[in-house]
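Down below is the structure, laid out as structure tokens.
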Amino acid sequence: MRDWGQRLTGGLTSERLQTVGFGLGVVVITMLSALILSFDEVFPASVGLGTLQVGSVTSSDIRAPFGITYTSDVLTEARRRAAVDQVSAIYQPPDPSVARQQVALLGQIIDFVEDVRSDPYGTTAQKASDIEKITALALDPSMSTVVVGMDGDTWNAVRAEMALVLERIMRESIRESDLPQVIDQLPMQVSVRFDPVAAGVVAAFVRDLLRPNRFVNAAATTTAQAAAADAVIPESRSFERGQIIVRAGELIDDADYEALQQFNLLDTPDQRFESFLRALMACGVVFVSFGLYVNRSNRQLASQRGLILLLGAMFVITLLGARAFSGDAGVITLYPAAGLTLLVVAISGVDVALLVSMALAFLIGWLGEASLEVAALVGVGAVMGTLSLRRSERLNSFFFAGLVVALANIIVIGMFHLGTPNAEGVNTALLFLYALFNGVLSGMVALAGLYLITLLFNLPTGLKLVELSQPSQPLLQRLLREAPGTYQHSLQVANLGEQAADAVGANAALVRVAALYHDIGKILNPAFFVENQADNVNPHDMLNDPYRSADLIISHVVDGDKMARSYRLPQRIRDFILEHHGTTLVSYFYNQALSQAGSDETVDADQFTYPGPKPRSRETAILMLADNCESTVRAIKPSNKAQIEEIIDRIFDTRVREGQLSASGLTLNDLPTVRDIFVDMLQAVFHPRIQYPNAPSPELGKRHPDDRLPESTIAGLSEVGTSKLVAPRIELPKEAEIKREPAPPTPPPIPRYSQTQDIAPAILDDDDSPMPDVPPLPRRTDENGEVKPPKDNHV
């Protein structure tokens, strides 16, 4: 016999490890968030004032902490340099020795040329080559050839003109800066009586011999510059408190650096620890508030530590993105922070998303230098988007929510900018455009994030639930083929659970999908469950072993969990499989074991108890009640509404007294609503049938004066006490008394067992007709009689 208690072996150690891991995850998320908030202060090398140098660029405006007036050495020195630059250089008078030296050099060159020209043995080419070798001149080969080829009279006239032109020019004042202009005017100094070729020879010789003859008087110039510098009046600079010293994005020049020094901003003590501590306190306020809310108002989320860490990781990523966009006042308007809250709505619900919206507004406003505009932009957009996203399984819902976010952003921008002077570089029309793109991007980011999270973490998001609800799912196909009775039962439970969950504000979509899979464990042994049995063949009779029978009945829970794991169903769906029977007792086989043993002490009740755990959410509790009520009412087939009410009241009362709903979060106000939904729907399904002639009427079809179950049916629930929720205590029928036709003398009737053995003995259900469709329940209305919208479905 399987010992279900062994499942708890090592549970305490595992729980401690999970707690430690969760605690470490929370600490890491908190520290990372604080580090993102205080990044500029903790890592001052990037933009910190203490490490600023001339040529650095700041990411934000630097303002004067107080008013000051000081003499700026940098500006004064700049004015002095300007005054010095305006002083012209002082030159000495022309030096006649330069002219004499150059004229003498010309004479030596002419003598050399005449020697070459008069050489009787040299060829023309050799003579031209010798002339080209004169180092004081830069003659080209053609000019040297012309000189060699001149006749004697022409050469004599040319050399005389060279000496005349050079002496005349060198008599004038020639500065170094004037020399290019003098050379340009040289052809005009040659007499017009020479032809162009001869004039070119004169200019070529004289050009290379021209030199400046007037030089700067360095001493006199320095004295004049010093006098001009001394005449400059020192320049002062003033700042008012709050005035911008250096604008964001501008290079720091010498004057800016001097101003920062005057304010002692460059000598600020190291306050990185204090800055990080402030950011840590801000994050602590946010995360502690979130933890208190979850612990008090959302126990279901509190039990899902992995989901909490996932939400924290997404929050950190969002803060990191906000840090990247926080450098520019206009760019932060484009950041789709509301995308996170839309994603949280789809994963955890509206209430959690609203809290995340406020946290984002607070911390991103902190990043924006405590900007109320940034906080309002993030907060209003996120809240409006959160409240407008209703059906997360529909793609167009995200785009509609994105448009709502865009509208909210535009309103906030208008509140802060219409009719008010804008800061430099801020364009109101551009901000409106950014606000519109922000909303569109928020919807797209949320949709993409939902897809990735569904894919990576296998969470039961709206998209995942739509996928799992398709009849073509392999596991549902197996259930339909191998356990068709269980499949039909699951459909009815899904209808009951969905309507009840919607009525009390629980996740109706999750309940419906989970109901389709809650009994998949019966696929392995379908014939041992009453809804799959046919032709009065009951395998339990052949076993005749209550322990083995109980083990087979109970095993569908554990087997279902294993199958769900192998088919990669989300953990949240697996919770329904494990919790839909809680820790109830398979009472029929337990009583059979007691009857065989003859003593209570020799029978271990644990071997007849489902392993649990008890339902830990409203959704799993609703599924437990729907499962019990549907199978019991199907088995008994009551003939009127009063009998259905008695059965359902008895089941509800039993589950409450056993404590099966104590950890679920269902309230006493929820139970009557769920009970009414079940009564209306089950009455519509299991209504009295038309009695045809010559057809024996089932005993349950007989109407009793008090509309209660007949006394002959009260025998099977001796352990059930007085109902706390509804009226008169009843007991469920014995199997032999509720058969639809008298039991034949031989063979004796075969008892049938269902998964609700803890409520009543199983009964024979040989009704092979199709199950009728469940009619829709009336819409819930408010106090004005208007139809209420369905509750938001979230994970």
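The values are calculated or read from the model by the stated rules, or taken from the named source; none is laboratory data. The structure presented is a predicted model; accordingly, all values stated were derived computationally and were not measured. Cβ sites come from the backbone with ideal geometry, for glycine too, and all protein chains shown count toward neighbours. Protein only, heavy atoms only, side chains kept; ligands, DNA and RNA dropped before computing areas. Shrake-Rupley method; radii C 1.70, N 1.55, O 1.52, S 1.80 Å.
Residue by residue, here is whether (1) touching a strand residue (DSSP E or B) at 6+ places or on another chain (Cβ under 8 Å); (2) open to solvent by 60 Å² or more (accessible area, probe 1.4 Å); (3) of a type in the set (D, E, K, R) holds:
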position: Leu430; (1), (2), (3): no, yes, no
position: Leu433; (1), (2), (3): no, yes, no
position: Met444; (1), (2), (3): no, yes, no
position: Gly449; (1), (2), (3): no, no, no
position: Leu455; (1), (2), (3): no, yes, no
position: Pro460; (1), (2), (3): no, no, no
position: Lys464; (1), (2), (3): no, no, yes
position: Ser490; (1), (2), (3): no, no, no
### Summary
Asn396 fails exactly one of (1) open to solvent by less than 70 Å² (accessible area, probe 1.4 Å); (2) polar (S, T, N, Q); (3) at pLDDT below 90, namely (1)
### When residues of region 622-672 are limited to those that are of a type in the set (Gly, Ala, Ser) and more than 23 Å from Glu531 (Cα to Cα), the one surrounded by the fewest Cβ atoms within 10 Å (Cβ to Cβ)
Gly659
### Message
Can you name every one of the helices (runs of 4 or more DSSP H) wholly within region 175-252 that holds 2 or more residues which are at pLDDT 85 or above and under 30 Å from Asp111 (Cβ atoms)?
### Response
179-184, 196-207
### Task
Output the number of the condition that Leu280 fails; it satisfies all remaining conditions of (1) in a helix (DSSP H, G or I); (2) under 23 Å from Ala408 (Cα atoms).
(2)
### Query
Could you list, in sequence order, the residues of region 301-335 that are more than 17 Å from Gly25 (Cβ to Cβ), open to solvent by less than 40 Å² (accessible area, probe 1.4 Å) and over 9 Å from the mean Cα position of the chain (by Cα)?
Ala322, Ser326, Gly330, Ile332, Thr333, Tyr335
#### Entry: helices (runs of 4 or more DSSP H) completely within region 437-535 that count 2 or more residues being modelled with pLDDT of 95 or more, hydrophobic (A, V, I, L, M, F, W, C) and within 30 Å of Thr386 (Cα to Cα)
484-503, 508-517
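Within region 49-85, how many residues are assigned to a helix (DSSP H, G or I) and hydroxyl-bearing (Ser, Thr, Tyr)? Before the answer, list the steps.
As a first pass, look at region 49-85 and keep what is assigned to a helix (DSSP H, G or I): 49-51, 73-85.
Still in the running and hydroxyl-bearing (Ser, Thr, Tyr): 51, 76.
Number satisfying all stated conditions: 2.
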### Query
Among the residues of region 358-376 satisfying the criterion of being in contact (Cβ under 8 Å) with a residue 60 or more places away in the chain and buried (at least 18 other Cβ atoms within 10 Å of the Cβ), which is nearest to Leu447 (Cα to Cα)?
Ala359
### Message
Criterion first (touching a Gly at 6+ places or on another chain (Cβ under 7 Å), surrounded by fewer than 20 Cβ atoms within 10 Å (Cβ to Cβ) and modelled with pLDDT under 90) does Gly612 satisfy it?
### Response
yes
### Message
Exactly one of these conditions fails for Asp73: (1) of a type outside the set (Phe, Trp, Tyr); (2) modelled with pLDDT of 90 or more; (3) open to solvent by 70 Å² or more (accessible area, probe 1.4 Å). Give me its number.
### Response
(2)
### Task
Considering only region 222-251, state which residues are over 20 Å from Gly67 (Cα atoms), touching a strand residue (DSSP E or B) at 6+ places or on another chain (Cβ under 9 Å) and open to solvent by less than 60 Å² (accessible area, probe 1.4 Å).
Ala248, Gly249
### Task
Please name all residue pairs, on different chains or six or more residues apart, with Cβ atoms under 8 Å, provided the first residue is in region 220-237 and is acidic (Asp, Glu) and the second residue is at pLDDT 85 or above and open to solvent by 50 Å² or more (accessible area, probe 1.4 Å).
Glu235/Thr71; Glu235/Arg79
### Query
Out of region 199-218, which residues are without any contact (Cβ under 8 Å) to a residue 40 or more places away in the chain and open to solvent by less than 70 Å² (accessible area, probe 1.4 Å)?
Ala199, Ala203, Ala218
### Message
Just to be sure before I move on: is Val148 assigned to a helix (DSSP H, G or I), among the aliphatic types (A, V, I, L, M) and under 19 Å from Val197 (Cβ atoms) in the structure I sent?
### Response
yes
